[in-house]
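The values are calculated or read from the model by the stated rules, or taken from the named source; none is laboratory data. Everything quoted here is computed from the prediction, not taken from an experiment. Cβ coordinates were reconstructed from backbone atoms using ideal geometry, including for glycine residues, and neighbour counts include every protein chain displayed. The area values use the complete protein model at the heavy-atom level, side chains included, leaving out ligands, DNA and RNA. Shrake-Rupley method; radii C 1.70, N 1.55, O 1.52, S 1.80 Å.
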Amino acid sequence: MKNLSAKRKKVLETERLILRPWEPSDAEECYKYAKDPRVGPIAGWPPHTSVENSRQLIIGVLMMPENYAVVLKETGLPIGSIALHFFSDLAKKRDEAELGYWLGVPYWGQGLIPEAGRELLRHAFEDLGLNRVWCGYYDGNEKSKRVQEKLGFKYQWTSDSLPVPQMGETRTGHVNCLTKEEWESNK
């Protein structure tokens, strides 16, 4: 795998989006979408409770390497998040990562996360030299399942009674994977 810190691009771009690092000043926009109970809980995290809560989560979580604000070019404002997580529950090797994402409800159904995901996967395989990207979703999160299908992820396994610590419960989770070879044959 290539050196992550040396290869990390500050900004990635698609037709409609800019993927850039989160900043504490994004807290108000983040809170606007992350407070909605339709966004976080289905992905395994509680709704944000205040602008300050969003600011703390930006600083403590969203400002990690390879974590991007999904920004509409049209407005210049963040509407969601997309990230590559390294050494997660699924990505255990140096040449792999786990893809995570969320999007504000007003922007659902417009193909924005698949668009952002295609660019982040390109970055993962071409710029970072990864060989495998994992992604998962919990039972009932059909939107996330559909994003993963659109991006070419292949089903691997289902886990019952999977702990969801931030929500204090267990769920059924489904795991998908995309290899560099599969990605190259689909691009």
FRET E, pair Y155, E126, Förster distance 22 Å, beta-carbon r, rounded to 0.05: 0.35
Separation of region 146-187 and region 16-47 by C-alpha centroid, Å? 21 Å
What number, rounded to the nearest 500 deg cm²/dmol, is the helix-based mean residue ellipticity at 222 nm of the chain, given -39500 (n - 2.57) per DSSP H run of at least four residues and division by all its residues? -7000 deg cm²/dmol
Probe 1.4 Å - accessible area at D139, Å² to nearest ten: 90 Å²
Any chance you could run the full-extension gain for R38 through T75? It's 0.36 nm times the residue separation minus the Cα-Cα distance, nm to one decimal. 11.0 nm
Counting other C-beta atoms within 10 Å, and keeping those with at most 11, which DSSP coil chymotrypsin sites (Phe, Trp or Tyr not before Pro) do you find in region 90-131? none
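Net charge near L72: determine it from the other residues with C-beta under 15 Å of the C-beta of L72, scoring Lys and Arg +1 and Asp and Glu -1.
-3
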Got a sec? Which residues in region 61-92 would a label at K143 touch, if it sits 7 Å along Cα→Cβ and we count backbone N under 15 Å? 70, 79-82
What accessible area, in Å² to the nearest ten, does a 1.4 Å probe give for W45? 50 Å²
Heavy atoms of I113: accessible area, 1.4 Å probe, square angstrom to 10: 10 Å²
Using modelled amide H (1.01 Å from N, peptide plane; none on Pro or chain starts), what sits under 5 Å from the amide H of R171, excluding residues fewer than 5 places away? S161, L162, V164
Any idea of the accessible area per residue across region 42-187, 1.4 Å probe, to the nearest Å²? 49 Å²
What part of the accessible area of region 54-115, given as a whole %, is carbon or sulfur when the probe is 1.4 angstrom? 58 percent
Report the antiparallel proportion of the DSSP beta bridges in region 70-149 as a percent, rounded to a multiple of 5. 75 percent
Relative contact order (%) - criterion: Cα under 8 Å, at least six apart; region: region 1-135: 27 percent
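Report the calculated FRET efficiency for E181 and Y107 (r = Cβ-Cβ distance, R0 = 35 Å), to the nearest 0.05.
For E181 and Y107, the calculated efficiency is 0.65.
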Those trypsin sites (Lys or Arg not before Pro) in region 105-150 that DSSP places in a loop and that have at most 14 other beta carbons within 10 Å: none
If you place +1 on the Cβ of every Lys and Arg, -1 on the Cβ of every Asp and Glu, and leave all else neutral, what size is the dipole of region 72-187 about its Cα centre, to the nearest 20 Debye? 80 debye
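If I stretch the segment between V61 and V11 completely, what's the gain in nm (0.36 nm per residue apart, minus their alpha carbon distance), one decimal? Let's see the in-between values first.
Working: separation 50, 0.36 × 50 = 18.00 nm, distance 1.82 nm.
Going from the current span to full extension adds 16.2 nm.
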Mind listing P(r) for the chain? All alpha-carbon pairs, 5 Å bins, whole percents. 1, 8, 17, 21, 22, 18, 10, 3, 0
